[in-house]
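The values are calculated or read from the model by the stated rules, or taken from the named source; none is laboratory data. All values derive from a computational prediction rather than experimental measurement. Cβ placement follows ideal geometry from the backbone for every residue including glycine, while neighbour counts extend to all protein chains displayed.
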Amino acid sequence: HGDYNQKIDYVFKVVLIGDSAVGKSQLLARFARNEFSVDSKATIGVEFQTKTLSIDHKTVKAQIWDTAGQERYRAVTSAYYRGAVGAMLVYDMTKRQSFDHMARWLDELRGHADKNIVIMLIGNKCDLGSLRAVPTEDAQEFAQRENLFFMETSALEATNVETAFLTVLTEIYRIIS
Ligand code: GDP
Ligand code: MG
């Protein structure tokens, strides 16, 4: 494999959180393997995927954790959050409720994670623009108030997925270096 023998300078753990079916697993599949599957099963088994990339001439291994169908309130265990230096807080822009739940996901995240954790709010499924249920401004306002990065993405069309992860990873690097 490509990164056999490669010297890793940093390992950054990043967690994906948000309601079920917002597209967390597909965002990860898109970022880690440039894949998307239409009929993705509820995630089982695999806890995380890695992607090794270069930031500022350093080799960074991103270890991205995906919830294994634990998306019910308070079902995600503290082990999931432990050691995380970044988080992707994902809602489905066609499902208002998934956005309304962001506040409590954020509470839970802040209750478990390091206080310097870098957080990106993600409105996924922007390819379904005609079904939009969350105005960009609502999300922007929430992100600004809570001091989060914000992006609208499509795992399906690969819109902003790379940019969202790279923004978080680069900011983590900036903080720790
Ligand atoms: P998770 O439960 O948050 O991990 O959500 P999944 O990644 O399993 O995705 C749930 C459903 O939404 C699946 O049917 C995906 O194919 C679909 N989906 C995920 N991302 C997108 C996207 O960007 N656009 C569209 N149209 N569908 C998506
Ligand atoms: Mg999943």
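Here are Phe99, Phe31: which of them is at pLDDT 95 or above, in contact with a helix residue (DSSP H, G or I) (Cβ under 9 Å, 6 or more places away or on another chain), closer than 20 Å to Met151 by Cβ and within 16 Å of ligand 2 (Cβ to nearest atom)? Can you show your working first?
Working: Phe99 fails: within 16 Å of ligand 2 (Cβ to nearest atom).
Going through Phe99, Phe31 in turn, the sole match is Phe31.
Give region 143-177 a look and list any residue that's closer than 20 Å to Ala133 by Cα and surrounded by fewer than 16 Cβ atoms within 10 Å (Cβ to Cβ), or say none. Gln144, Glu157 - these are the residues of region 143-177 that are closer than 20 Å to Ala133 by Cα and surrounded by fewer than 16 Cβ atoms within 10 Å (Cβ to Cβ).
Contact map, region 24-35: residues that are farther than 9 Å from Val161 by Cβ paired with residues that are assigned to a helix (DSSP H, G or I) and at pLDDT below 95, Cβ distance under 7 Å, separation 6+ or inter-chain. Pairs shown: Glu35/Ala29. Taking each residue of region 123-137 that is more than 23 Å from Ala87 (Cβ to Cβ) and looking for partners that are within 16 Å of ligand 2 (Cβ to nearest atom) and among the hydrophobic types (A, V, I, L, M, F, W, C) with beta-carbon atoms closer than 6 Å, six or more apart or interchain, yields Asp127/Leu156. With respect to the conditions (1) over 15 Å from the mean Cα position of the chain (by Cα); (2) in a loop (DSSP other than H, G, I, E, B), Asp138 falls short on a single one, namely (2). Could you tell me which residue of region 141-170 is farthest from ligand 1 (Cβ to nearest atom), considering only residues that are within 19 Å of Glu35 (Cα to Cα), β-branched (Val, Ile, Thr) and outside any strand (DSSP E or B)? Here the residue is Thr163. Please verify whether Ala155 is within 16 Å of ligand 2 (Cβ to nearest atom), in contact (Cβ under 8 Å) with a residue 12 or more places away in the chain, under 15 Å from Tyr91 (Cβ atoms) and not hydroxyl-bearing (Ser, Thr, Tyr), treating the condition exactly as stated. The answer is yes for Ala155. In region 107-121, the residues that are among the polar types (S, T, N, Q) reach residues that are assigned to a loop (DSSP other than H, G, I, E, B) with C-beta atoms within less than 8 angstrom, at least six apart or across chains, in these pairs: Asn116/Val85.
If we keep just the residues of region 115-134 that are part of a loop (DSSP other than H, G, I, E, B) and in contact with a helix residue (DSSP H, G or I) (Cβ under 9 Å, 6 or more places away or on another chain), which is nearest to Val22 (Cα to Cα)? Full working, then the answer.
Of the residues in region 115-134, the ones part of a loop (DSSP other than H, G, I, E, B) are 115-117, 125, 132-134.
From what's left, in contact with a helix residue (DSSP H, G or I) (Cβ under 9 Å, 6 or more places away or on another chain): 116-117, 125, 132-134.
Numbers: Asn116: 25, Ile117: 22, Lys125: 8, Arg132: 13, Ala133: 13, Val134: 13 Å.
Residue satisfying both the conditions and the ranking: Lys125.
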